[in-house]
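The values are calculated or read from the model by the stated rules, or taken from the named source; none is laboratory data. If you're wondering where the values come from, they're calculated on a predicted model, not measured in any experiment. Don't worry about glycine lacking a Cβ; one is built from the backbone with ideal geometry, like all the others, and counts go over all protein chains shown.
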Amino acid sequence: MTDVQKEEENILRVSAGSNPQAVASAIAHSVYETRTAKIRAVGAGAVNQAVKALAIAGGYTAPRGLHLAFIPGFTTIESHDGQISAIVLTVIVI
């Protein structure tokens, strides 16, 4: 498996229909295991769900003394329609 494939596996893909509580749980588990998480969202609705999930995940991790922050960025992904811009949120423990 290449480094690109490994990194792809570690990215949580969020859509406008994603359940924020489920995404928050996945974020918290990733933070417990690796102290970081990456979230990718395409579109305003998906970004909204991702930010809600981050707020919820902060509530999950805070009792363990893990306070979360995120660094926003952009990436380009290949699609059957060509290239699409996506938001990537890198979650860190502060």
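Applying a threshold of 6 Å to beta carbon distances and a minimum spacing of six or more residues, or different chains, the list of pairs starting in segment 5-29 at a residue that is more than 16 Å from residue 51 (Cβ to Cβ) and ending at one that is modelled with pLDDT of 95 or more and not in a helix (DSSP H, G or I) reads 11/38; 11/40. Considering segment 59-71, the residues that are touching a Ser or Thr at 6+ places or on another chain (Cβ under 8 Å) and surrounded by fewer than 18 Cβ atoms within 10 Å (Cβ to Cβ) include one that is farthest from residue 93 (Cα to Cα), namely 71.
Per-residue answers, yes or no, for (1) more than 12 Å from the chain's Cα centre (by Cα); (2) assigned to a helix (DSSP H, G or I):
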position: 16; (1), (2): yes, no
position: 39; (1), (2): no, no
position: 47; (1), (2): no, yes
position: 54; (1), (2): no, yes
position: 73; (1), (2): no, no
position: 77; (1), (2): yes, no
position: 87; (1), (2): no, no
position: 91; (1), (2): no, no
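Whether any residue in segment 41-58 is within 11 Å of residue 91 (Cβ to Cβ) and touching a residue at least 60 places away in the same chain (Cβ under 8 Å) is what I want to check. No - not one qualifying residue is present in segment 41-58.
The set of residues in segment 56-66 that are assigned to a helix (DSSP H, G or I) and farther than 18 Å from residue 13 by Cα comprises 58, 59, 60, 61, 62, 63, 64.
Condition check for residue 86 on (1) surrounded by 18 or more Cβ atoms within 10 Å (Cβ to Cβ); (2) without any contact (Cβ under 8 Å) to a residue 24 or more places away in the chain; (3) not charged (D, E, K, R): one failure, at (2).
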